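The values are calculated or read from the model by the stated rules, or taken from the named source; none is laboratory data. Note that the coordinates shown come from a computational prediction; the quantities given were computed from them, not determined experimentally. Here Cβ is always computed from backbone atoms with ideal geometry, including for glycine, and neighbour counts include all displayed protein chains. The protein model used for the area step is the full one, side chains on, heavy atoms only, and it has no ligands, DNA or RNA in it. Shrake-Rupley method; radii C 1.70, N 1.55, O 1.52, S 1.80 Å.
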Amino acid sequence: MTENTPRLAETLRARLRAWIDEHQLEPGMRLPAERQLAAEFGVSRSSLREAIQQLISSGVLMSKRGGGTWLCEPPEPWSEQRIVEPIRQLLADDPDYRWDILEARHAIEASTAWHAALRATESDKEKLRLAFDALLKMHDCDDPDLAAQADLRFHLAIAEASHNVVLLQTMRGFFDLLQSSVLHSRQRMYTQPVIFNRLNEQHQAMFDAVMAGDAEAARQAAMDHLGFVHTTLKSLHEDEARQARITRLPGESLDNRKENN
């Protein structure tokens, strides 16, 4: 077997990866010169160069002309890079895109609930039960942010039980966006007992359907819940906007006119 066989290149590539980990190289750090590495591994520079090229092609390393070989920054998760970031830019330009996200959740969470009911393992069901119990404990909690976080964990537990990584990652991305865009409104939902009780009833229906393996009931419960959340958040947002407009009424101008008179 000659030194330049594909098997040797693959072995050397694995050795080089292990060497990087062993020496705790971090993204942005430079590898030693080829001559030094080749001597350390006991191989020719051409063989080392081939292994390095393979790691460059896979995005682990990068080569700078005249500047050696460097360890790349790890790529962003695909959901963050391809889903979250473009939509974040849209939200920055027009916050009303939040409602598009909520509409998309109808389709996504109806699917995750459906698949979760069909695919949930005993381990999945135990995680879902713990998430649901934690959600119920929030009924007497005076911290709406904690309640909103428990809500999020419950929905993600259902998504995890669906065993569909694309749906799960998409949901995680959407929740990240919604945390910043409608967090205040979501918190307000948990300060109003009537709304809180409705949410608990809807979560109960979703939980029962998934645990029972009733896919159609789980899908419908998710759609009913998301429809209620969408309508409620929009109503709360409109109330907040209306209150903000009231504060801009010409009351101060009237006071100023009185002072001037």
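Just need a number here: residues in region 14-60 that are under 18 Å from residue 72 (Cα atoms) and in contact (Cβ under 8 Å) with a residue 40 or more places away in the chain.
So the count comes out to 14.
Yes or no: region 183-190 includes at least one residue that is at pLDDT 80 or above and closer than 20 Å to residue 147 by Cβ.
The initial filter retains those residues of region 183-190 that are at pLDDT 80 or above, namely none.
No, every residue in region 183-190 fails to be at pLDDT 80 or above and closer than 20 Å to residue 147 by Cβ.
Taking interchain pairs and intrachain pairs at least six residues apart, which have beta carbon atoms under 7 angstrom, with the first residue in region 219-234 and open to solvent by 30 Å² or more (accessible area, probe 1.4 Å) and the second not aromatic (Phe, Trp, Tyr)?
Cβ pairs passing all conditions: 219/110; 219/113; 223/106; 223/110; 224/202; 228/198; 228/202.
Select from region 11-34 the residues that are under 28 Å from the mean Cα position of the chain (by Cα) and among the acidic types (Asp, Glu) and write down the one among them that is modelled with the lowest pLDDT.
Restricting to residues being under 28 Å from the mean Cα position of the chain (by Cα) and among the acidic types (Asp, Glu), the top hit is 26.
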